[in-house]
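Please treat every number below as a calculation from the coordinates, not as lab data. This one's a predicted model, so the numbers in the text were calculated from it and none came from an experiment. Virtual Cβ from ideal backbone geometry, glycine too; neighbours counted across all protein chains shown.
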Amino acid sequence: MIRYLFGLPDWIGDWTCVAIVCALILAYAGVSRDRRASLYAIGIVALPALMAAAHVPNVEFPRYFLVSGTLLLLWVGELIGRGLDAGGTRRLCAAGMLMLVAGGNAALLTRFYEHGRGSYSNMVDEMTKSGTATYATNADFRTGMMVDYFAARMGRQASLVTQDRICAGRAEWLILEGDLQKQPERVDFDCALAYERAGTSALWGLSGLGWTLYSRRD
């Protein structure tokens, strides 16, 4: 989430961003006389740490860190504002930081406009181009709604085979939701049912979910 807030490149790892931000916030809270320093330390560092210690479920979704992200933006904005007001070298540094953040976010927005929330319509088109199709998925509720939506827009039909009926229904297609890099090339079930990878969805950053499409191999 930190990387997307400031338009940082992909080669900067998530944990690297977390470590740098925590170190900077704690250092700022230790030396600053700003009354908001404790708020930043609690909201940006302590709150996520408490959530991790409590093993709160579903923390992989960025929306659970909106408060921390908002406070982080306020802190960075405050520092940039002070730099611009100070003049001299500090003003140049603040202006350079502002330009880097704006440029990075512009680059990320370009990718968002290209991919949107995901190329799900392309997958639904692939499944239904020969007529009504059947499909199974590892996320019946969420994936089912999205497939129904795009199929209706195309004037086509795709029927969901629920997870408890995968072997009996022998769906023509399988959609796995999750990290695209961790999905296998082939999926085999115990009932002599196998699927081979046929495509993946393209999506931007925090928007959308990864879909991997598999076709049945009889």
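Hey, for a label at residue 179 modelled as a point 7 Å past Cα toward Cβ, could you say which residues of segment 191-206 have their backbone N under 16 Å away?
In segment 191-206, the label zone of residue 179 (backbone N under 16 Å from the point 7 Å along Cα→Cβ) covers 205-206.
Let me have the 222 nm mean residue ellipticity of the chain computed from DSSP H runs of 4+ only, each contributing -39500 (n - 2.57), with the sum over all residues rounded to the nearest 500. Kindly include the intermediate steps, with their values, before the conclusion.
Values: 9 runs with 110 residues, N = 218.
Calculated from helices alone, the mean residue ellipticity at 222 nm is -15500 deg cm²/dmol.
Using 0.36 nm per residue, how much length does the chain from residue 130 to residue 63 gain when fully extended, once their Cα-Cα distance is taken away? Numbers along the way, then the final one.
Working: separation 67, 0.36 × 67 = 24.12 nm, distance 3.86 nm.
Net length gain for the segment: 20.3 nm.
Taking 7 Å along the Cα-to-C-beta vector as the label spot, tell me the residue 107-residue 186 distance in nanometres, rounded to one decimal.
The two pseudo-label positions are separated by 3.9 nm.
Please compute the modelled spin-label separation between residue 197 and residue 162, points set 7 Å along Cα→Cβ, answer in nm with one decimal.
The two pseudo-label positions are separated by 3.1 nm.
Net charge near residue 147, counting Lys/Arg +1 and Asp/Glu -1 over other residues with Cβ under 12 Å of its Cβ? Provide the component values of the computation, followed by the final result.
Values: positive: 142, 153, 156; negative: 125, 126, 140, 148, 177.
It works out to a net charge of -2.
Among 32, 121, which comes first, then next, by fewest other beta-carbon atoms within 10 Å?
On the way: 32 13, 121 16.
With the sparsest Cβ surroundings first, the list reads 32, 121.
Please list, by residue number, every one of the GluC sites (Glu not before Pro) in segment 129-218 that is coil in DSSP and has at most 12 other beta-carbon atoms within 10 Å. Don't skip to the answer; put the middle values down first.
Working: sites: 172, 177, 185, 196; in loops: 172, 185.
Hits after loop and neighbour filter: 185.
Which are the unpartnered cysteines of the chain, meaning those with no other cysteine Cβ under 4.7 Å from their Cβ?
By the Cβ distance rule, which asks for a partner under 4.7 Å, the isolated cysteines are 17, 22, 93.
Rank-order 62-74, 11-23 by packing density, defined as the average count of other C-beta atoms within 10 Å over each peptide's residues, highest first.
Details: 62-74: 15.5, 11-23: 12.5.
Descending packing order for the listed peptides: 62-74, 11-23.
Given labels modelled 7 Å from the Cα in the Cβ direction, how far is it in nm from residue 73 to residue 114?
Result: 2.4 nm between the two label points.
From the square roots a ≥ b ≥ c of the eigenvalues of the alpha-carbon gyration tensor of the chain, which class results: rounded (a/c under 1.5), prolate (a/b over b/c), or oblate? Walk me through the intermediate numbers first.
On the way: a/c = 3.37, a/b = 2.30, b/c = 1.47.
Prolate is the answer for the chain, as a/c is 1.5 or above and a/b outweighs b/c.
Between the helical axis of 14-31 and the dominant principal axis of the chain, each derived from Cα atoms, what acute angle in degrees is found, rounded to the nearest 10?
That works out to roughly 20 degrees.
Output ³J(HN,Hα) for segment 146-151: one whole-Hz value per residue in order, computed from phi by the Karplus curve 6.51 cos²θ - 1.76 cosθ + 1.60 with θ = phi - 60°, and x for Gly and Pro.
The phi angles translate into 5, 5, 4, 5, 6, 5 Hz.
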